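J.: I am attaching a structure below and will ask some questions about it afterwards.
All of the numbers you see were taken from the coordinates with simple rules; none came from a lab. On a predicted model such as this, the values are computed, not experimentally measured, just so you know. Every residue, glycine among them, receives a Cβ derived from its backbone with ideal geometry; neighbour counts consider all protein chains shown.
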Amino acid sequence: MKTYTTNQIKNIVLLGSAGSGKTTLAEAMMFEGKVIDRRGNVDAKNTISDYTEVEQLYKRSIYSTPLYTEYNAHKLNIIDTPGADDFVNGVISAMKVADTCVLSINAQSGVEIGTRTLSRWAERNQKPVIIAVNQLDHEKANWEATVESLKQSFGNRSVVIQYPLSVGNGFNGFVDVLKMKYYTFSDDNGTRTENDIPAAEAERAAEYHNALVESAAEHDESLMEIFFDKGELSEDEILKGLSLGIKTRSAFPVFCLSAKKDIGTKRLMDFITNVAPYPNNGNVFVTETGEEVPCDANGPASIFVYKTSVEQHIGELSYFRVVSGVIKEGMDMLNANNDTKERLSSLFATAGKKREKVTEMVAGDLGCTVKLKNTKTNHTLNAGSDWKFVPIKFPDPKFRTAVKAKNESEDEKLSELLHRAHQEDPTLIVEYSKELKQTILSGQGEHHINILKWELLNNHKIDIDLFAPKIPYRETITKTALADYRHKKQSGGAGQFGEVHIVIEPHIEGAPDTALLKFEGKEFKFSLRGKEEINLDWGGKLIYYNSIVGGSIDARFMPAILKGIMEKMEEGPLTGSYARDIRVIVYDGKMHPVDSNELSFRLAGRNAFKDAFKKAGPKIMEPIYNVNIYVPSEYMGDVMSDMQNRRAIIEGMESDGGFEVIKARVPLAEMYKYSTSLSSLTSGSATFTMKFADYQQVPADVQEKLLKAYEAEEKDE
Ligand SMILES: Nc1nc2c(ncn2[C@@H]2O[C@H](COP(=O)(O)OP(=O)(O)OP(=O)(O)O)[C@@H](O)[C@H]2O)c(=O)[nH]1
Ligand SMILES: [Mg+2]
């Protein structure tokens with residue numbers, strides 16, 4: 001392949017709701033670009049994009065697949081992404097390196113929740129959008145309803161470039177109101193004829209055309225003047241206006257397609273190569289220090305890795321965008337994230353598993369290299385600069401499970417494989433929780449985790465068990481309590497003696513230190529000699545006061561007492577969970593001239609704390625998450641009542657482009673497998689996000705249950 005210059009390259013990402021036809025469209029594009037000479041299809045498991053075994057098994061995309069084709073003297077880089085929420089990783093990473101989103105809409109259903117979710121990602125990344133209304137040949141296709149849903153979601157930004165004369169079985173072409181021609185297709189291989197617009201359509205075509213002209217004129221003042229002058233714009237002027245509108249996300253041109261029948265593919269590709277932004281037109285990479293690096297072939301060579309994968313017989317593949325400069329085969333680069341040297345031993349343009357060797361690539365191009373040693377997703381490699389690009393930010397997990405190898409002896413291998421899985425897919429998060437004594441695996445949904453399970457079993461022969469994860473509860477107190485504890489042991493050898501008197505109180509941020517306390521008819525005056533404020537690793541604080549007077553306990557024993565208290569903070573007296581937000585005042589005690597030592601005071605501190613804690617209105621706290629649920633209106637009632645059963649507090653509801661958004665605070669304990677429940681409740685048409693908010697006391701009945709469960713667990717052990 002020849003070397004393409006920056007202004008001969010277009011980078012697009014295909015995104016859209018699950019099953020809308022992205023992979024089929026990618027196949028048609030590969031065919032039109034002559035990368036393949038026959039089109040496969042998803043059901044026959046022979047597409048160039050869904051080439052992995054697991055994708056073929058499920059007949060859907062699971063990973064993003066970088067593809068390229070040469071078309072109209074351009075190199076068109078296309079990343080086909082999965083539509084299902086569970087695999088959003090592939091969309092988000094692709095979005096970082098692509099310059100335009102082609103949003104595929106299924107004409108059977110119009111804009112779906114998945115479309116909304118994905119277009120929000122496009123918005124966050126400020127990426128231009130071109131809309132491909134696909135499956136117009138399907139018997140359930142509905143053009144009017146689809147256009148209406150586009151208007152509802154995107155307002156006047158959606159601007160029709162083409163419309164079909166008939167849909168379903170009879171779909172064999174469209175009127176193009178930019179070219180003002182009627183295109184018909186005589187076979188399923190994209191063979192098209194350009195015709196005049198039928199007289200009967202003249203009026204409708206003119207209406208759509210005028211809307212297009214008005215939209216194009218809006219983006220540029222000089223065009224606006226021409227439009228006012230002549231009441232019309234030429235094709236070139238429309239294109240100029242549209243390209244400005246696309247770039248600023250104020251125009252989302254709408255195209256008609258049947259990817260399956262290869263109708264409309266070429267026209268869409270023509271438009272992309274002619275009108276979509278070039279890599280150097282807008283997509284600026286920003287370094288962690290805020291420097292904006294332009295896409296310039298004359299700059300220092302620098303690449304950003306957006307995806308890695310492991311392929312049999314080859315090893316690790318690293319997919320990148322050339323951010324700046326020109327890279328050449330054999331070039332040495334420095335990994336800015338870990339200061340290690342890497343060599344670009346070979347460079348490829350890839351189309352699924354097909355790889356074409358190239359000798360160099362210029363700024364803006366997307367490519368692939370192999371055998372990098374220490375380079376992972378989100379890393380920058382440089383030759384001659386010290387740029388480190390802002391990493392791709394992946395969404396918070398929304399499915400959480402505990403995991404272990406069925407065969408215990410494989411635990412270590414499992415942990416290594418899970419670590420590797422995270423590197424390939426950063427939305428898979430694995431963490432051994434010391435607190436819960438479980439390995440917790442988090443991802444975007446149950447299916448996401450099940451695919452991982454499948455891969456572990458089929459590719460690595462490791463079978464895993466997935467089970468409900470424990471909840472990281474916290475314990476705290478709600479009132480003041482006192483306790484004295486004497487630790488004394490005098491049997492044989494050296495004795496042990498330590499006695500401490502403490503007060504414990506809830507810690508409230510900003511509250512003054514307690515100098516005087518009236519408690520059960522008695523008055524305590526504290527003279528504070530020391531104060532330690534400990535920020536606990538698990539959140540919240542412990543404030544430790546030394547208020548010993550008259551030397552009843554030597555200062556040297558104070559750290560031992562604190563150590564004893566911390567032991568109980570780490571394994572709370574109620575359920576063994578971490579304790580937080582507590583003040584302890586050590587105000588008196590006793591020593592023995594011979595038998596007192598650190599161990600004695602540690603034990604005395606620990607037990608005094610435990611006794612006081614139990615008298616201080618102890619409460620279990622649970623993690624609460626902010627949950628946003630995006631749901632079609634018809635399922636709103638079901639989703640709301642289900643939420644109520646999950647002890648949710650509904651904080652708000654709003655409408656968003658024809659869908660409803662429910663905002664709620666929900667205990668983590670009630671969110672186990674929520675993605676699965678929501679999906680079955682709404683036939684897969686809803687989605688949600690969740691993010692940790694804070695800790696809150698559990699209701700009395702829940703506390704009761706937890707205490708009983710802990711008691712039973714203790715007995716078992
Ligand atoms: N009738 C018709 N069916 C289509 C068309 N495009 C795709 N399909 C079918 O729709 C189903 C899904 O197509 P895919 O190309 O896998 O859709 P996708 O958007 O890649 O799906 P995910 O990767 O799972 O998000 C397959 O059965 C296709 O054959 C089309 O233009 N017309
Ligand atoms: Mg697909």
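J.: Round to a whole angstrom and tell me the spacing of the C-alpha centers of segment 671-691 and segment 202-249.
T.: 42 Å
J.: Right, something else. When the Cα centres of segment 407-467 and segment 306-333 are compared, how far apart do they sit, in Å?
T.: For segment 407-467 versus segment 306-333, the Cα centre distance is 26 Å.
J.: For a quick check of your reading of the filter: which chymotrypsin sites (Phe, Trp or Tyr not before Pro) in segment 614-695 sit in a DSSP loop and have no more than 16 other Cβ atoms within 10 Å? Please report the intermediate quantities before stating the final value.
T.: Values: sites: Tyr625, Tyr630, Tyr635, Phe659, Tyr672, Tyr674, Phe688, Phe692, Tyr695; in loops: Tyr672.
Of the chymotrypsin sites (Phe, Trp or Tyr not before Pro), the ones in loops of segment 614-695 whose Cβ has at most 16 other Cβ atoms within 10 Å are Tyr672.
J.: What is the spin-label model distance, in nm, from Ser222 to Glu416 if the labels are put 7 Å beyond Cα along the C-beta direction?
T.: 6.4 nm
J.: If you take the alpha carbon radius of gyration of segment 478-617 and divide it by 2.2 N^0.38 Å, what ratio comes out, to two decimals? List each step's numbers first, then the result.
T.: Values: Rg = 14.5 Å, N = 140, 2.2 N^0.38 = 14.4 Å.
Relative to the rule-of-thumb radius for its length, segment 478-617 sits at 1.01.
J.: Ok, one more. What does the net charge come to around Gln644 if you take all other residues with beta carbon closer than 12 Å to its beta carbon, with K and R at +1 and D and E at -1?
T.: -1
J.: While we're on this one: Let's see if you can work this out: charge +1 on each Lys and Arg Cβ, -1 on each Asp and Glu Cβ, no other charges. What is the dipole magnitude of the chain about its Cα centre, in debye to the nearest 20? Before the final figure, lay out the partial values.
T.: Values: 87 positive and 103 negative charges, 425 e Å.
Dipole magnitude for the chain comes out near 2040 debye.
J.: Which order results if Glu194, Glu316, Glu201, Glu112 are arranged by neighbouring Cβ count within 10 Å, fewest first?
T.: With the sparsest Cβ surroundings first, the list reads Glu194, Glu201, Glu316, Glu112.
J.: Give the whole-number value, in cubic angstrom per residue, of the convex hull volume spanned by the C-alpha atoms of segment 144-185. Before the final figure, lay out each step's value.
T.: Values: hull volume 2.8 nm³, N = 42.
Cα convex hull per residue, to the nearest whole number: 66 Å³.
J.: What does the convex hull of the Cα atoms of the chain come to per residue, in Å³, rounded to a whole number?
T.: Working: hull volume 150.8 nm³, N = 717.
Value for the chain: 210 Å³ per residue.
J.: Treating cross-link reach as a plain straight distance, find the aspartates and glutamates whose alpha-carbon is under 16 Å from the alpha-carbon of Lys261, omitting any fewer than eight places away in the same chain.
T.: Lys261 reaches Glu27, Glu32, Asp37, Asp43, Asp137, Glu139, Asp187, Asp188.
J.: Work through the residues other than Ile624 whose Cβ is under 9 Å from its Cβ and net out their charges, Lys, Arg +1 and Asp, Glu -1.
T.: After counting each charged neighbour, the total is -1.
J.: Which of the listed residues, Thr480, Gly16, Ile508, is farthest toward the dipole's positive end in the chain, when Lys, Arg count +1 and Asp, Glu count -1 at the beta-carbon?
T.: Farthest along the dipole direction, towards plus: Thr480.
J.: Follow-up question, since we're still on this one. Say each of Ser677 and Arg646 gets a label point 7 Å from the Cα, pointing the same way as Cα to Cβ; how far apart are those two points in nm?
T.: 0.6 nm
J.: Another question, then. Once the other residues with Cβ under 11 Å from the Cβ of Phe497 are scored (Lys, Arg +1; Asp, Glu -1), what is the net sum?
T.: Residues near Phe497 contribute +2 overall.
J.: To continue, here is another question. Distance in nm between label sites at Asn195 and Trp538, each 7 Å beyond Cα in the beta-carbon direction?
T.: 7.3 nm
J.: Determine the relative contact order of segment 478-617: mean sequence separation of Cα pairs under 8 Å and six or more apart, normalised by residue count, in whole percent.
T.: Relative contact order of segment 478-617: 37 percent.
J.: Direction-averaged shadow area of the convex hull around the Cα atoms of segment 668-715, nm²?
T.: Reported value for the Cα convex hull: 4.9 nm².
J.: Hey, got a sec? Which GluC sites (Glu not before Pro) in segment 585-653 land in a DSSP loop and have at most 15 other Cβ atoms within 10 Å?
T.: Sites meeting the loop and neighbour criteria: none at all.
J.: Report the one residue of His209, Gln697, Ser49 whose Cα lies farthest in the direction of the positive end of the charge dipole of the chain (charges on C-beta: Lys and Arg +1, Asp and Glu -1; origin at the Cα centre).
T.: Gln697
J.: Hey, what D do you get for segment 211-301 in µm²/s if you plug the Kirkwood alpha-carbon radius into Stokes-Einstein at 37 °C and 0.692 mPa s?
T.: 213 µm²/s
J.: Report ³J(HN,Hα) in whole Hz for each residue of segment 50-55, in order, from the Karplus equation J = 6.51 cos²θ - 1.76 cosθ + 1.60 where θ = phi - 60°; Gly and Pro get x.
T.: Calculated HN-Hα couplings, in order: 8, 9, 7, 4, 6, 5 Hz.
J.: Can I ask one more? If you take the square roots of the eigenvalues of the alpha-carbon gyration tensor of segment 622-702 and sort them as a ≥ b ≥ c, do you get rounded (a/c under 1.5), prolate (a/b over b/c) or oblate?
T.: On the way: a/c = 2.03, a/b = 1.69, b/c = 1.21.
Prolate shape, in that a/c is at least 1.5 and a/b is the bigger ratio.
J.: Find the Rg to Rh ratio for segment 358-408, where Rh is the Kirkwood radius over alpha-carbon pairs and Rg uses the same atoms.
T.: Across segment 358-408, the Cα-based Rg/Rh ratio is 1.14.
J.: For Tyr473, enumerate residues with amide H under 5 Å from its amide H, sequence gap 5+ or separate chain, H modeled in the peptide plane.
T.: Amide H to amide H, under 5 Å and 5 or more residues apart or across chains, Tyr473 pairs with nothing.
J.: Placing unit charges on C-beta atoms (Lys and Arg positive, Asp and Glu negative, everything else neutral), compute the dipole magnitude of segment 577-655 about its Cα centre in debye, rounded to 20.
T.: Roughly 660 debye, rounded to the nearest 20.
J.: Hey, any idea what Rg/Rh is for segment 504-560, computing Rh the Kirkwood way over Cα pairs?
T.: 0.99
J.: Could you grab the relative contact order for the chain? Cα pairs under 8 Å, six or more apart, rounded to a whole percent.
T.: RCO, the chain: 10 percent.
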